[in-house]
1. Got a number for carbon plus sulfur as a percent of region 31-80's accessible area, 1.4 Å probe?
2. What ranking, highest mean first, results for peptides 27-37, 78-88 when packing means the other Cβ atoms within 10 Å averaged over each residue?
3. Note down the magnitude of the dipole of the chain about its Cα centre, charges +1 on Lys and Arg C-beta and -1 on Asp and Glu C-beta and zero elsewhere, to the nearest 20 debye.
4. Keeping all protein chains in place, calculate the accessible area per residue for the chain (probe 1.4 angstrom), answer in Å².
5. Given the options GLY54, LEU31, HIS43, identify the residue whose Cα lies farthest towards the positive end of the charge dipole of the chain (+1 on Cβ of Lys, Arg; -1 on Cβ of Asp, Glu).
6. Taking amide H positions as placed 1.01 Å from N in the peptide plane, with prolines and chain starts having none, which residues 5 or more places from TYR10, or on another chain, fall under 5 Å of its amide H?
7. For the chain, what is the calculated [θ] at 222 nm in deg cm²/dmol (nearest 500), taking -39500 (n - 2.57) for each run of four or more DSSP H residues and dividing by its residue count?
8. Return the FRET efficiency for the residue pair SER11, LYS100: r is the Cβ-Cβ distance, R0 is 35 Å, and the value is rounded to the nearest 0.05.
Amino acid sequence: EQMDAGGAHYSGTVADVVALVHGHLEEGITLSVVAEALHVNKHYLCRLFKRETGMTVGGYINSARIARAKHLLRHTECSVSAVADSSGFNELSGFTKSFKKEVGMTPTEYKSYVRGHAMQGGSIWRS
């Protein structure tokens, strides 16, 4: 059993999934790639991951990509397109749609929002 950065305890397999996802986000990692890398059946992996985390592997990958994108938008001067690429999204339109669904605003709006609040010294409620 291992603990993730948030303090949750996961089996070795689920902890390995988390590590693989975060280590290979920009490479377009998928459930099939993870299952193959860990030498486990993808259906078994789906059930195990969902039971331990409450999320699907695909949902976790997407959330990790969005978290990386938010970090890059806050802390770099990269274009939205470059952020999408660095976060593992193949298409800008898919990135924008996913980002807006999870964050509540487009990547461009988010970048403007966090930059404006940083200059004003305000807090960012949706980091």
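1. Accessible surface attributable to carbon and sulfur in region 31-80 totals 56 percent.
2. The packing order, highest mean first, is 78-88, 27-37.
3. So the dipole magnitude of the chain works out to roughly 500 debye.
4. Value returned for the chain: 58 Å² of accessible area per residue.
5. With unit charges placed on the Cβ atoms, the residue in question is GLY54.
6. Amide H neighbours of TYR10, under 5 Å, 5+ apart: GLN2, MET3, ASP4.
7. One gets -20500 deg cm²/dmol as the mean residue ellipticity at 222 nm.
8. 0.55
The values are calculated or read from the model by the stated rules, or taken from the named source; none is laboratory data. Note that the coordinates shown come from a computational prediction; the quantities given were computed from them, not determined experimentally. Here Cβ is always computed from backbone atoms with ideal geometry, including for glycine, and neighbour counts include all displayed protein chains. Protein only, heavy atoms only, side chains kept; ligands, DNA and RNA dropped before computing areas. Shrake-Rupley method; radii C 1.70, N 1.55, O 1.52, S 1.80 Å.
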